[in-house]
Amino acid sequence: MEKFTVHTGTAAPLRRSNVDTDQIIPAEYLKRVSRTGFADGLFKAWRDDPAFVLNQPRYDGATVLVTGTEFGVGSSREHAVWALQDQGFKAIVAPRFGDIFRNNALKGGLLPVELPTAAVEWLWDALEGDEPPAVTVDLAAREVRAGERTWAFPLDDFSRWRLMEGLDDIGLTLRHEADITAFEATRASWLPATQGA
Amino acid sequence: MPDKPRTLAEKLWDAHLVRAGGDEPDLLYIDLHLIHEVTSPQAFDGLRAAGRAVRRTDLTIATEDHNTPTDNLFTIADPISRTQIETLRKNCAEFGVRLHPLGDDEQGVVHVVGPQLGLTQPGMTVVCGDSHTSTHGAFGALAFGIGTSEVEHVLATQTLPQRRPKTMAVTVNGVLPEGVSAKDLILAVIARAGTGGGIGHVVEYRGEAIRALSMEGRMTVCNMSIEWGAKAGLIAPDETTFAYLEGRQHAPEGAAWDAAVEYWKTLPTDEGAEFDAEIVIDAAELTPFVTWGTNPGQGVPLGAEVPDPASFTDPVARGAAERALEYMDLAPGTKMRDVGVDVVFVGSCTNGRIEDLRGAAAVLKGRKVADGVRMMIVPGSARVRAQAESEGLHEVFIAAGADWRFAGCSMCLGMNPDKLAPGARSASTSNRNFEGRQGPGGRTHLVSPQVAAATAVAGRFASPADLDK
């Protein structure tokens, strides 16, 4: 996983709340067995509209998406994270995220940044204005900066460290393999098995 | 000193802690990992790339459901879907995972298969790369959906690092009125709480109306926990749970059964345990329910009207309602009973079990699906289909003019040939009414199997009681 410390880039304002996973990428695109190449399905239903934010030249190359509350509610499809990353996004800013989407984003190194609604609205106005500011997402400082403004965002220490080091979760867990084996020895004998071990 | 009273959720969490404390999240052991074709291929690729094996093939089981056709058991016409199914078959063979493929007696929607095999039991942790894994919480198991990276993590380690969630109680007091189902109950809960109301919480459904539900009804309620953002939904195990499990293929037997039941009886929330939040609902006030918008929280009683967005004080909810009505092509003030439908879908992990099919059949018996309406009935598993046929339910469906199909996810999610046409309107027993969920441009209204069947007969939204008027 690519390390994330500080990122500055073009931000795109997506003025919608409750953008569910089916809007981020429809099920039709989930038939693929690869982990990349999902950008063509991103926000599929909206991409034909010339007015859609990602079709506006001023947001070309956007790497930060600023969107409404409850972004990523719905399905567990990690393809939603992959599609956003394939499009070039490094961070998503919203007041609140669906739990599974947020987990998936953290696993894959797409930073979910929770900012208050007022901050999101300030960013929307600024990004739609005549001189949209670049947006900086500083994971080290847990801050978002744009123009003269700075906002702190919450993220637990462990997730921050993992992202900054670009570490693989499975590798981290396997450091505790002895604990896993010890736990397995305590499991009740009646627990079901799908087949012989 | 007596132990601090704990909730069911806390007991389940504590019983699966491989390690806790320090700077890291808790590490939870996973008792059952369910696999399907959509969210697993990249996880198996990850194992291969790292040279890792599946740690516990004996706690892992796979089936094919999302991509499968429901008009036949042999031909997957779409080459991309076929490749995904074949990839699952190759991965299961290579890594030694038990698979119930298309055409197998135990094939079906993953959340129908686990419980009917008796693999989902109280006190367990259950995960699957599918958000409706919350279904299994109906047994008093901690069950939640995960992404593909986490699927790979569980395959490799049989554990997941997790932050301890908050707890919430949804207490449903009293008795559900005649004609009001588990589906109506959960749709009403979501309309009350909003689609984000449960974020960060494990929810325990409790109270007299919940205790009175069958296991099928409990699964319907827990299934839709994710639709209001909850991490998981739970219902404490009781005699209804034990009666459902006893004698199932993977349920314990003899002395092991007695030991298991003894443990399961220790799981319900202790007297005096505290939840971080609580919602209280009076069952007597509930009626058949239907959604009007594009998220599962946008619902009203069947007897109500399409709401006016101007009536929402919250600007976010108002904006969402405006967009939803435009997409759904509905005018404020329209009576839901005056809205006509093109397609009726009965099935899915929410309402594709035998009791759901019985409920639809009871309404359809001796009646006909209205002209111009297409009704599809899709059993949740091959076994549900066989059970329905042994009871003669298929004859009722066919005589009514409905389409009786094979098991799969079908029109729940627009990933297989069963899709809603652009602009078409459905009454659907599934779980999501998102824009385009059942097919691009399709308009979905979520209902119970009973309301779906009555709507098929009337050609517009109706309850079974309306048909007798």
Pairwise label distance in nanometres, residue B:208 with residue B:52, each label 7 Å out on the Cα-Cβ vector: 5.0
Cα-projected label distance for residue B:467 with residue B:266, points at 7 Å along beta-carbon direction, nm: 4.9
Separation between Cα centres of region A:46-91 and region B:221-287, rounded to whole Å: 39
Delta accessible area of at least 50 Å² on complex formation, residues of region A:107-136, 1.4 Å probe, chain isolated as reference: A:107
Ratio of Rg to Rh over region B:276-316 (Cα coordinates, Kirkwood Rh, two decimals): 1.02
Charged-residue dipole, Cβ positions (Lys, Arg, Asp, Glu), chain B about Cα centre, Debye nearest 20: 700
Between 0 and 90°, nearest 10: helix A:99-108 axis offset from chain A longest Cα axis: 90
Buried accessible area, chains B and A (both chains, 1.4 Å probe, Å² to nearest 100): 5600
Vicinal HN-Hα couplings computed from phi for region A:131-146 (Karplus, 6.51 cos²θ - 1.76 cosθ + 1.60; Hz; Gly/Pro x): 10, x, x, 5, 10, 10, 10, 10, 6, 4, 8, 6, 9, 10, 10, 8
Residues whose placed amide H lies under 5 Å from that of residue B:437, excluding near-sequence neighbours: none
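For an R0 of 35 angstrom, estimate the FRET efficiency from the Cβ-Cβ distance between residue B:371 and residue B:74 and round to the nearest 0.05. Could you put the intermediate results ahead of the total?
Values: r = 32 Å, r/R0 = 0.93.
Efficiency, rounded to the nearest 0.05: 0.60.
Give the carbon-plus-sulfur fraction of the accessible surface of region B:386-469 in %, rounded to a whole number; probe 1.4 Å, heavy atoms of protein chains only.
Numbers: 1310 of 2470 Å².
Carbon and sulfur atoms account for 53 percent of the accessible area of region B:386-469.
How large is Rg/Rh for region B:380-463, to two decimals, with Cα atoms and a Kirkwood Rh? Kindly include the intermediate steps, with their values, before the conclusion.
Numbers: Rg = 13.3 Å, Rh = 13.7 Å.
We get a ratio of 0.98 for region B:380-463.
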Chain B: relative contact order as a whole-number percent, Cα under 8 Å and 6+ apart: 17
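Given a 1.4 angstrom probe, I'd like the percentage of the accessible area of region B:52-109 that is carbon and sulfur, rounded to a whole number. Walk me through the numbers on the way to the answer.
On the way: 1220 of 2280 Å².
Ligands and nucleic acids excluded, carbon and sulfur give 54 percent.
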Distant-in-sequence amide H partners of residue A:88 (H built 1.01 Å from N, under 5 Å): none
Residue among A:113, A:124, A:57 farthest towards the positive dipole end of region A:56-131, charges placed on Cβ: A:113
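How high is the FRET efficiency between residue B:395 and residue B:421 when r is their beta carbon distance and R₀ equals 41 Å, given to the nearest 0.05? It would help to have the intermediate numbers written out before the result.
Numbers: r = 29 Å, r/R0 = 0.70.
With R0 = 41 Å, the Cβ-Cβ based efficiency is 0.90.
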Pairwise Cα inverse-distance average, inverted: Kirkwood Rh of the protein assembly as shown (Å): 25.1
Long-range HN-HN contacts of residue B:35 with modeled amide H, under 5 Å: B:61, B:62, B:63
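Shielding by partners for B:162-171, please: the mean number of other protein chain Cβ atoms within 10 Å of each residue's Cβ.
Values: counts 1, 5, 0, 1, 0, 0, 0, 0, 0, 0.
Counting other chains' Cβ atoms within 10 Å and averaging over B:162-171 gives 1.
Provide, as a two-decimal number, the C-alpha radius of gyration of chain A over 2.2 N^0.38 Å, N being how many residues it has.
On the way: Rg = 19.1 Å, N = 197, 2.2 N^0.38 = 16.4 Å.
The reported ratio for this selection is 1.17.
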Accessible area (Å², per residue) of the protein assembly as shown, counting only protein heavy atoms and a probe of 1.4 Å: 35
Burial of 30 Å² or greater, region B:144-160 residues [accessible area, probe 1.4 Å, versus chain by itself]: B:147, B:148, B:149, B:150, B:153, B:157
Chain B: DSSP helices with Cα axial extent of at least 18 Å and average Kyte-Doolittle hydropathy no lower than 1.6: none
Cα-based equivalent ellipsoid, region B:293-467: semi-axes from gyration tensor eigenvalues, Å: 28, 17, 13
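Could you tell me the calculated FRET efficiency between residue A:34 and residue B:175, based on Cβ-Cβ distance and R0 = 41 angstrom, to the nearest 0.05? Show your work: numbers first, answer last.
Working: r = 52 Å, r/R0 = 1.26.
So, using R0 = 41 Å, E works out to roughly 0.20.
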Protein-protein interface of region B:193-220, residues with accessible area decrease of at least 20 Å², isolated chain reference, 1.4 Å probe: B:195, B:196, B:199
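Averaged over all directions, how much area does the convex hull of the C-alpha atoms of region B:8-162 cover when projected, in nm²?
Over all viewing directions, region B:8-162 projects a mean Cα-hull area of 9.4 nm².
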Relative contact order of region B:317-458, pairs being alpha-carbon contacts under 8 Å that are 6 or more residues apart, as %: 29
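Add -39500 (n - 2.57) for each DSSP H run of 4 or more in chain B, then divide by its residues: what number comes out at 222 nm, to the nearest 500 deg cm²/dmol?
Working: 17 runs with 155 residues, N = 469.
Roughly -9500 deg cm²/dmol at 222 nm, from the helical runs in chain B.
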Calculated P(r) of chain B - Cα pairs past 28 Å, %: 50
Cα centroid separation, region B:321-376 to region B:120-134 (Å): 28
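The values are calculated or read from the model by the stated rules, or taken from the named source; none is laboratory data. Since we're looking at a predicted model, the values are computed, not measured. Backbone-built Cβ (ideal geometry, glycine too); neighbour counts: all protein chains shown. Quick note on the areas: whole protein, heavy atoms, side chains included, nothing else; ligands and nucleic acids left out. Shrake-Rupley method; radii C 1.70, N 1.55, O 1.52, S 1.80 Å.
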